[in-house]
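A short worksheet on the structure shown next.
The values are calculated or read from the model by the stated rules, or taken from the named source; none is laboratory data. As the structure is a computational prediction, the values presented were derived from the model and not from experiment. FYI the Cβ positions are ideal-geometry reconstructions off the backbone, even for glycines, and counts take in every protein chain you see. What goes into the accessible areas is simple: the full protein's heavy atoms, side chains included, and nothing from ligands, DNA or RNA. Shrake-Rupley method; radii C 1.70, N 1.55, O 1.52, S 1.80 Å.
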Amino acid sequence: MNIKACIFDLDGVIVDTAVYHYKAWKRLANQMGFDFTEHQNEQLKGVSRMASLDLILGWGNITNKTEAEKLELAAQKNEWYTEMIGQMTPAEILPGAREFVQTCRDAGLKTAIGSASKNTPTILNKLELTHLFDAIIDGNSVSIPKPDPEVFLKGAEALGVAPAACVVFEDAIAGIEAAINGDMKTVGIGSPETLTKANIVVSGLDKMSLTILAEL
Ligand code: BG6
Ligand code: MG
């Protein structure tokens, strides 16, 4: 097989944290006097914390916040969010995720996380998955958000594998684009109608196998 490494996005691929992000952002929006829908929340998947805040403020037509106020708002949201993820257990790992990562490792492939989230270490710790990854590249170590390939290129470099021998697993359009921009193969997690640019799309890691990987 040409593939030597698998790089996994975290939120939406290994665990469904979107519901917690949504609750915390919604609480913040409500506090400012407006609301947004779960459908709008879809647009926040894979988007960095500050970029998410900008989108949400836009939905509420709030244009008067200074940079300092925005940082405070994001910090407040993160406090509510970390309270919720602090309660997470391994039971919340998405179906097949742990098993597939282990299968890759047993087959001699390198594994890494490539996530925009600064809370990646906490989440992996709560899910008891940290030991399954040879490298963890997250929002604390990248400066340019997806669709820039920085996060995945840093992952490939940390693993010592050429980008063309890496497969990225992603649930967000910007994440698939980031991987393509980094010259990597892509597996979309979600629906083929949304993730049109991915090499293949599956509904979850429970549908993945080494055979599918080898065909990429
Ligand atoms: C991404 C999520 O993985 O991380 C986004 O899909 C989130 O919804 C982003 O905004 C940043 O996360 P955090 O935990 O650093 O606020
Ligand atoms: Mg994601």
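Odds and ends about this structure:
- Filtering the stretch 17-33 to residues that are within 30 Å of Ala156 (Cα to Cα), assigned to a helix (DSSP H, G or I) and either more than 18 Å from the chain's Cα centre (by Cα) or near ligand 1 (Cβ under 9 Å from one of its atoms) (or both) leaves Ala18, His21.
- The stretch 114-147 - residue that is hydrophobic (A, V, I, L, M, F, W, C) and near ligand 1 (Cβ under 10 Å from one of its atoms) and, of those, nearest to Ile176 (Cα to Cα): Ala116
- Test for Pro163: is it over 26 Å from Asn41 (Cα atoms) and either open to solvent by less than 60 Å² (accessible area, probe 1.4 Å) or not charged (D, E, K, R) (or both): yes
- Taken over the stretch 136-165, residues that are free of Cβ contacts under 8 Å to residues at least 24 places away in the same chain, within 16 Å of Pro121 (Cβ to Cβ) and small (Gly, Ala, Ser) amount to 1.
- Take the conditions (1) surrounded by 12 or more Cβ atoms within 10 Å (Cβ to Cβ); (2) part of a loop (DSSP other than H, G, I, E, B); Gln87 misses just one of them, which is (1).
- Taking the stretch 176-216 as the range and being under 17 Å from Gln102 (Cβ atoms) and assigned to a helix (DSSP H, G or I) as the test, the residues that pass are Leu205, Asp206, Lys207, Leu210, Thr211, Ile212, Leu213.
- Some residue of the stretch 178-198 being modelled with pLDDT under 95, of a type in the set (A, V, I, L, M) and within 15 Å of ligand 2 (Cβ to nearest atom): yes
- Residue match in the stretch 168-175 (condition: of a type in the set (D, E, K, R), assigned to a strand (DSSP E or B), within 12 Å of ligand 1 (Cβ to nearest atom) and at pLDDT 95 or above): yes
- Checked against (1) under 25 Å from Ser209 (Cα atoms); (2) open to solvent by less than 50 Å² (accessible area, probe 1.4 Å); (3) in contact with a Lys or Arg (Cβ under 8 Å, 6 or more places away or on another chain), Asp134 passes all but condition (2).
- The set of residues in the stretch 34-48 that are at pLDDT 95 or above and either under 22 Å from the mean Cα position of the chain (by Cα) or open to solvent by 70 Å² or more (accessible area, probe 1.4 Å) (or both) comprises Asp35, Phe36.
- Pairing each residue of the stretch 1-16 that is more than 14 Å from Gly155 (Cβ to Cβ) and open to solvent by 10 Å² or more (accessible area, probe 1.4 Å) with any residue that is among the β-branched types (Val, Ile, Thr) and more than 9 Å from ligand 2 (Cβ to nearest atom), provided the two are 6+ apart or on different chains, yields no C-beta distance under 7 Å.
- Qualifying residue in the stretch 91-108 (condition: assigned to a helix (DSSP H, G or I), within 16 Å of ligand 1 (Cβ to nearest atom), surrounded by 15 or more Cβ atoms within 10 Å (Cβ to Cβ) and in contact (Cβ under 8 Å) with a residue 24 or more places away in the chain): yes
- Looking at Asn78, Asn64, just one residue is free of Cβ contacts under 8 Å to residues at least 12 places away in the same chain and open to solvent by 20 Å² or more (accessible area, probe 1.4 Å), and that residue is Asn64.
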